[in-house]
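The values are calculated or read from the model by the stated rules, or taken from the named source; none is laboratory data. Just so it is clear, the model here is predicted, and its values are computed rather than measured. So basically every Cβ, Gly included, is an ideal-geometry build from the backbone, and we count neighbours across all protein chains shown.
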Amino acid sequence: MDQITPSELKARLDRDSNPPLLLDVREPIEFKYCRIDGSLNMPMNEVFLKADDLDPDQETVVICHHGLRSAQIANFLIGKGFRHVVNLQGGVAAWANTVDPHMPTY
């Protein structure tokens, strides 16, 4: 499974007109508190049920709080044949530390 750092993702989002799907697998209450703009919230347990609703050919960045749940989901999606999946290293906590210091943290 490939990883992307928050700084690499920020640079990619700033330069690309066709951004990847930002799949945030945290629970809705976590997502409501803080999130990366443009993210789709699909909690981890829903991904297992709704993975077929996602495009396996779309580049997907999987996001969670610290990068652990998202790594599990990234591996799950890869196992289902998704070809362009990366994990956000350190999750939204690392994003807040390196990219958006105004983002609320928990």
Filter segment 77-97 for residues that are more than 12 Å from the chain's Cα centre (by Cα), free of Cβ contacts under 8 Å to residues at least 60 places away in the same chain and crowded, with 19+ Cβ neighbours inside 10 Å and give the result.
L77, F82
Among residues of segment 17-36, those that are among the polar types (S, T, N, Q) and either modelled with pLDDT of 95 or more or not in a loop (DSSP other than H, G, I, E, B) (or both), counted
0
Could we say that V25 is of a type outside the set (S, T, N, Q), touching a residue at least 40 places away in the same chain (Cβ under 8 Å) and touching a Cys at 6+ places or on another chain (Cβ under 7 Å) here?
yes
Specify the residue that is farthest from V25 (Cα to Cα); the eligible residues are those in segment 37-85 that are in a loop (DSSP other than H, G, I, E, B) and of a type in the set (A, V, I, L, M).
L54
Checking D100, D14 in turn, the sole residue that is farther than 18 Å from Q3 by Cβ, part of a loop (DSSP other than H, G, I, E, B), among the charged types (D, E, K, R) and modelled with pLDDT of 95 or more turns out to be D100
Test: S7 is hydroxyl-bearing (S, T, Y), modelled with pLDDT of 95 or more and surrounded by 14 or more Cβ atoms within 10 Å (Cβ to Cβ)
no
Filter pass, R69 being surrounded by 14 or more Cβ atoms within 10 Å (Cβ to Cβ) and basic (K, R)
yes
Inspect all residues belonging to segment 34-52 and state whether any of them is in contact with a Pro (Cβ under 7 Å, 6 or more places away or on another chain) and in contact (Cβ under 8 Å) with a residue 24 or more places away in the chain.
yes
First in segment 1-21 and within 19 Å of D55 (Cα to Cα), second anywhere and assigned to a helix (DSSP H, G or I) and at pLDDT 95 or above, Cβ under 6 Å, 6 or more apart:
M1/A74; M1/N75; P19/L13
